[in-house]
Amino acid sequence: VCSSDREVRRYVYGATAPCPRCGGAVRRWTIAARTCYACPTCQPRVSEGGRDGAGSSTAVTTPVTSPPAVDHHHQGPPKATTTKLVFTATELRRQLGERGAPTGGRKPELVARLEATDESTKSSGERLDAAKITHVKLSNKSYTAEAATVLATTLATLGSVTSVDVSDVIAGRPETEALASLTAIAGAFAPIAPNLRRVSISDNALGQKGIDALLPLLSSRDLVALYVCNNGMSADAARQLAGLVCGFALTTGDEAENNNNSDENDATELKDTLSSTTTKLETFHYHNNMSGDGGAEAIAAIVRRSPKLRDFRFSGTRAGRDGSLAVATALRETAPRLETLDLVDNLLGAPGGAAIGAFLDSRPPLRKLDLRDCALADDGWAPVARALAKADGSVAALEALDVS
């Protein structure tokens, strides 16, 4: 039986099976010492002169319609054929170039890249309405620089995104490639950065270099939720983060002391600017970043300028007593709406305990409070316990309390 489908050709091999189209018997002919098979009904022998006869030159015609599935003992129906275009490496590179994708590499790599690009375009163009996409989550997949570049071409077409999760997207990648991947992905969102409301950059442990690569995602003045957990943040990286979130540049004490180019009026103007700057943050998680006291002071600056904060996590940062006190004091001063507070593993001590007690006395609507491993000791626990014991205080709304 003449067919481009190998499954069908093998299906009738030996003329023991019926015709897959009509179910009739398949006949066999010998032509030029070769055995040929055909269905007399669907593929009649036709002579050149239009007459049927042995020994004449024959042409076997195949109906256009595809054969239906045939239920035959011990054999499944023929599979549907698919047409796949075959391109040269030059043509592959041309098509990749038209799509804005990298054109380097061997032919198998070019084929895989073109297929990935087309699938990405199909996903966003044919199956999805880009204008309706508001949330993008890329987490828990490790992207090569090449894959990130291809992905970025689609991400750049999404103009209505307000929430981006790029947590854990470079696991196992060398630093150079990881930074390139982060830069490509974050850069795709640069045009809509002012519209972002929720951003997670957690579990990309590259410290300040990683923050530099992710700058477009952190430039929105309207962020309401920010997650920065397990990012390998140093004190300098934390200061940079605070500057981005709050819209100013933080300097260390030594830098301020060595800056002799500002007069007293400039310093007063800067102080007024910092004190008046506020964020719209309602959720801020900063966990497992070993940024020490310097990092804690930078995070305290964010808290101090976030009066709408409702969910705050500051844990596992190796903050000492000074840094922990800075965060506790910031909470006491400017967190009246806080509902969830996690300060696990911070050396609050007695001064920090007093600050937390004063914060609790302001009667925030706390539902969850976690003060595990905070080294409060008796002097630090006393003000916290007194605040919690008040019937009209924070304990009235508290649902979960951990002081282990």
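Bear in mind these aren't lab numbers, they're just calculated from the coordinates by the rules spelled out. All of these numbers come straight from a predicted model, not from anything done at the bench. Don't worry about glycine lacking a Cβ; one is built from the backbone with ideal geometry, like all the others, and counts go over all protein chains shown.
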Along the charge dipole of segment 88-232, which of 176, 226, 156 sits closest to the positive end, that is, farthest toward it, with unit charges on the beta carbon of Lys, Arg, Asp and Glu (+1, +1, -1, -1)?
156
In a shell of Cβ-Cβ distance under 9 Å around residue 103, excluding residue 103 itself, what net charge do Lys and Arg (+1) and Asp and Glu (-1) give?
+3
Can you compute 3J(HN,Hα) from phi for each residue in segment 100-117, using the Karplus curve 6.51 cos²θ - 1.76 cosθ + 1.60 with θ = phi - 60°, rounded to whole Hz and x for Gly and Pro?
x, 9, x, 10, x, x, 7, 4, x, 5, 5, 4, 4, 5, 5, 5, 5, 5
Provide the gained length on full extension for the span residue 171 to residue 212, in nm with one decimal, where the gain is 0.36 nm per separating residue minus the Cα-Cα distance.
13.0 nm
Quick check: pseudo-label points 7 Å beyond the Cα along Cα→Cβ at residue 144 and residue 195, how many nm apart are they?
3.2
extent check for segment 285-360: Cα max minus min per principal axis, descending, whole Å, gives 27, 24, 18
Tell me the label-point distance for the pair residue 107, residue 402, using the 7 Å Cα-to-Cβ offset, in nm and rounded to one decimal.
5.8
Under 5 Å from the placed amide H of residue 231, counting only residues 5+ away or on other chains, we find 203
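Quote to one decimal, in nm, the extra length available between residue 389 and residue 136 on full extension: 0.36 nm per residue of separation minus the C-alpha distance between them. Could you put the intermediate results ahead of the total?
Numbers: separation 253, 0.36 × 253 = 91.08 nm, distance 4.40 nm.
Using 0.36 nm per residue and subtracting the Cα-Cα distance, I get 86.7 nm.
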Full-extension gain in nm, residue 157 to residue 90, via 0.36 nm per residue minus C-alpha separation
21.4 nm
Counting only residues 5 or more places away or on other chains, whose amide H sits under 5 Å from the amide H of residue 36 once H atoms are built in the peptide plane?
29, 30, 31
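What's the magnitude of the charge dipole for segment 298-347 around its Cα centre, counting Lys and Arg as +1 and Asp and Glu as -1 at the beta-carbon? Answer in Debye, nearest 20.
180
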So for segment 306-395, taking the charge dipole from beta-carbon charges (+1 Lys/Arg, -1 Asp/Glu), which of 377, 306, 387 sits furthest toward the positive end?
306
Relative to the Cα centre, what is the charge dipole magnitude of segment 128-199, using +1 at the beta carbon of each Lys and Arg, -1 at the beta carbon of each Asp and Glu, and rounding to the nearest 20 debye?
280
